Amino acid sequence: LRLGQGVYRTQGKACNQLNGLRFASGHYVQALDCNMGTFIGEAFKVPYVLRMFIPLDQEDRSTPRCRYLGFREFIYTAREGTVGKCHAAAEWTFGTINQRFLSGLGIRMHYGHPDFLDGFWARNRGGMSKSSPVVNLSEDIFAGYNVRLREEASPHIDSLEFEKGREATFNAASNFFSKISGGSISVVRSRDNHLLCERIGIVHSMSFYFSSVAFYTSNLLVDFSIQVYVVLFILFNLAGLGPGKLSALGSTFATEWIIAMGLVTLVPQLCELILEYGAVHAVKQAVGGLFASTFFFIFQNKNIAEAMKEGMRTGIARYFFTGRPPANQHQTWKDIFCTYWKSHYKPAFSLATGYLIYTTIAMQNIGEGKLPMVLVLVSMTAWFVTPVLFSPFPRWGLIFQDLCEFNNFITSGAGSHEADIKEVVSRGKKGTVRSLYETGLSEELNVWSEYHLLMLLLQFVFKVACGIAAIFLLPAGVLDFLPVFLVILSLSWVSVLGYFAAGLNNVFLVMSFLLWAAGAPLAPLIIGGRWNSPDSYTRLPEYVISTAVFLFFLFRCKEFVLLLCRCTLKLWPCITNEARVRVMRECIRVCYVYFFVQQILMVEAYIVLCLNAVTAGLLAAIDQVACNSHTWWLLNRELARTPYGDTYMKKGQAPFFELDRLHFGVGSDLWGSDTESDLSASDRADDFDNTTQQGSTDHRAWP
């Protein structure tokens, strides 16, 4: 029974636990989610495991030794594909290695089901979790806080193992990591965390940090360090300190950092695999999954960091519905872009800009050398291509379909009219945007209408301070190019004015961006020979840096205008709240185009489209030439045996299961039957020809 309205409704899962606990009559209680299960051999162990609460030799039968009892979990979705394996490895590391260690420290919390608990104790002390909205998104850990605050125990044992399912598709896995990362911010802000930190002392605080939010905070710091690393080397090169001079000074910055923290964290998992399964299996598992794990967890590291940043800015922990779809579900490029444009693509473009600035400066200092920054390049590449790399069944027909759909999404004008603003806000919150314009505008409306004003002011002051510091650090000659950008900006604003005057005609919107190509011929007329003296190659770093500085301050001007509008409307007397919201939204809509947010977003979207096309085309060629090897790597050998065809997920054609349907009269079970295994590969190929109207004639099976 959920209480409240909107985002402030109580958590459904925690409310179900509270309601169900009323009908649990036993002394010990276990709650299982729908993605959990067990087998009969483990069920026979349960009576003996429950003796951990009150051992037979304990004389005092009124005081159990623990209130929660955790045990191992077997992630059965590991067999569903590479994403399932990566997620299972992460869950096994946390649910087995980490929990066992925390139990030894006496600081293990309750992190979710299927823990056993003292039902009588839970019924009298707040239940199995907390269901307050926004704050208790990670509802289970607050039961662990309750145990620790009352000086009770919550150990972990290895003698019992239940089954658990995790997300097996890439987008669902990303949503899961976003949910728990955002929930960690609410954990830090909670009253329970404050009370616990006040009472446990400095030594136990270190252990408590690793049993609560350490993983997510570490990911945030790693993500922040990537940007600091690039900025630091830009400053080194501006100061004339290349790798050569840094080496002479004895600095460790003179060499490339190859051993990353991700590789270091592989060691405990490798040791645990050796203990449980032997050295051969451990090395095979670790080395075989290194490529997939590298791209998967680099991407999820960014996902975790951005979710935490969002939680810190808004103060709200948002619930993400994962749905746990099947592993062979194809993700369209449009859905991928809508999911990751703000969390991954935007930071990737910012990092690419910083790396480009560093490269152009280092090119001028030939004698000082240049670091390749392999880890930065790998991270940046992973943020761009990983969603397509983990998208199943790359087929030429699907690529063309995704390309056309994504292009229509970019060029569509849905949501661009003033009357559509309410619908744009609604669609943005639901994740059902119809166009790129709606995607960007809904985010701007959400930020500048609903974020706390003080937070926006603090962010603006911090960014302006960074910009002023950059001006003092940069050579004065770089700023000589800014008048060129100001002239082109004034001409572009005339085109933007025509866009609104002509009824939102996209021709003027495109023209406002194409006018920037006139910068090169107009520059000598504005700043004279300074533009290309002594030659363009020598001035290349100044071109790149001045462009980045101009865009930085252009966006700061937009923020200043919107902050001024919001403060003015907030202080303006005799105005209704409805009118205030309407005027503020119209200001946001106008600034969204005048300050080139939409135009730059379109350029970024087309760059992403090209990268997706190259990546998907390469994977499709590999699948076609190398006997579905990408499908075998991403999913499993059985699906790789499916004849190569272009009908999967194509609109207006047969569904996927019809590619491998049974002979007529065998049965109607689409997912398998006793006779399905008797069909040979050639029989399936012949049946494919007879039953599919449009398909490939290539019937190569996996050897």
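So, for the chain, what is the accessible surface per residue at a probe of 1.4 Å, expressed in square angstrom?
Per-residue value: 49 Å².
For region 343-349, take each phi angle, set θ = phi - 60°, evaluate the Karplus expression 6.51 cos²θ - 1.76 cosθ + 1.60, and give the result in whole Hz per residue in order, putting x for glycine and proline.
Computed from phi, the couplings for region 343-349 are 7, 10, 5, 4, x, 5, 5 Hz.
Exceeding 21 Å between C-alpha atoms, which entries from my cross-link table qualify? They are Lys334/Lys558; Lys302/Lys346; Lys346/Lys370; Lys13/Lys164; Lys130/Lys309.
Exceeds cut-off: Lys334/Lys558; Lys346/Lys370; Lys130/Lys309.
If you put +1 on each Lys and Arg Cβ and -1 on each Asp and Glu Cβ, how big is the dipole of the chain around its Cα centre, in Debye rounded to 20?
Using only the charged Cβ atoms, the result is roughly 2240 debye.
What percent does the relative contact order of region 182-336 come to when contacts are Cα pairs within less than 8 Å and at least six residues apart?
After rounding, I find 42 percent.
Counting other C-beta atoms within 10 Å, and keeping those with at most 14, which DSSP coil chymotrypsin sites (Phe, Trp or Tyr not before Pro) do you find in region 7-50?
Answer by residue number: Phe23, Phe39, Phe44.
Report the extension gain between Asn505 and Leu290 in nm, rounded to one decimal, defined as 0.36 nm multiplied by the number of residues separating them, less their alpha carbon distance. Intermediate values should be presented prior to the final figure.
Working: separation 215, 0.36 × 215 = 77.40 nm, distance 4.97 nm.
Working it through step by step, the gained length comes to 72.4 nm.
So what does Ile141 come to for accessible area, using a 1.4 Å probe and Å² rounded to 10?
Number for this one is 20 Å².
Determine the gain in length on full extension of the stretch Thr265-Arg637; use 0.36 nm per residue of separation and subtract their C-alpha separation, reporting nm with one decimal.
Details: separation 372, 0.36 × 372 = 133.92 nm, distance 2.95 nm.
Gain on stretching Thr265 to Arg637: 131.0 nm.
In region 342-475, carbon and sulfur make up what percent of the accessible area (probe 1.4 Å)?
On region 342-475, the fraction of accessible area on carbon and sulfur atoms equals 69 percent.
Calculate the dipole size of region 310-395 relative to its Cα centre from +1 charges on Lys and Arg beta carbons and -1 charges on Asp and Glu beta carbons; express the result in debye to the nearest 20.
Charge dipole, region 310-395, about its Cα centre: 300 debye, nearest 20.
Grab the beta carbon distance between Ile471 and Asn577, set R0 = 25 Å, and tell me the FRET efficiency rounded to 0.05.
0.05
State the label only: which of [x] 99, 84, 50; [y] 93, 71, 66; [z] 80, 78, 57 corresponds to Cα extents along the principal axes in Å computed from the shown model?
Recomputing Cα extents along the principal axes in Å here gives the entry labelled [y].
For region 1-109, which trypsin sites (Lys or Arg not before Pro) are in a loop by DSSP, counting at most 12 other Cβ atoms within 10 Å?
Counting only loop positions with at most 12 other Cβ atoms within 10 Å, the trypsin sites (Lys or Arg not before Pro) in region 1-109 are Arg22, Arg61.
Any idea of Met312's accessible area? Nearest 10 Å², probe 1.4 Å.
Result for Met312: roughly 100 Å² accessible.
If you average the C-alpha positions of region 141-173 and of region 396-448 separately, how far apart do those two centres end up, in angstrom?
A separation of 38 Å, based on Cα centres.
What net charge is computed for the residues neighbouring Thr63, neighbours being all others with C-beta under 15 Å from the C-beta of Thr63, Lys and Arg scored +1, Asp and Glu -1?
0
Go ahead and run the numbers for FRET between Val203 and Thr252, Cβ-Cβ distance against an R0 of 41 Å, rounding to 0.05.
0.85
Please go through region 59-138 and write out the GluC sites (Glu not before Pro) that DSSP classes as loop and that have at most 13 other C-beta atoms within 10 Å.
Those satisfying the criteria are Glu59.
Rounded to the nearest 10 Å², what accessible area does Glu578 show when all protein chains are kept and the probe is 1.4 Å?
So the heavy atoms of Glu578 present about 140 Å² to solvent.
If DNA, RNA and ligands are ignored and the probe is 1.4 Å, what is the ranking of His27, His630, His452 by accessible area, most exposed first? Show your work: numbers first, answer last.
Values: His27 90, His630 10, His452 125 Å².
In descending accessible area the options line up as His452, His27, His630.
How far apart, in nm, are the 7 Å Cα→Cβ label points at Ala517 and Arg123?
For the pair Ala517/Arg123, the computed spacing is 7.6 nm.
Could you tell me the relative contact order of the chain? Use alpha-carbon pairs under 8 Å, at least six residues apart, and round to a whole percent.
13 percent
The values are calculated or read from the model by the stated rules, or taken from the named source; none is laboratory data. None of the values given here were measured: they were computed from a predicted structure. Cβ sites come from the backbone with ideal geometry, for glycine too, and all protein chains shown count toward neighbours. The accessibility values were calculated without ligands, DNA or RNA, using every heavy atom of the protein model including side chains. Shrake-Rupley method; radii C 1.70, N 1.55, O 1.52, S 1.80 Å.
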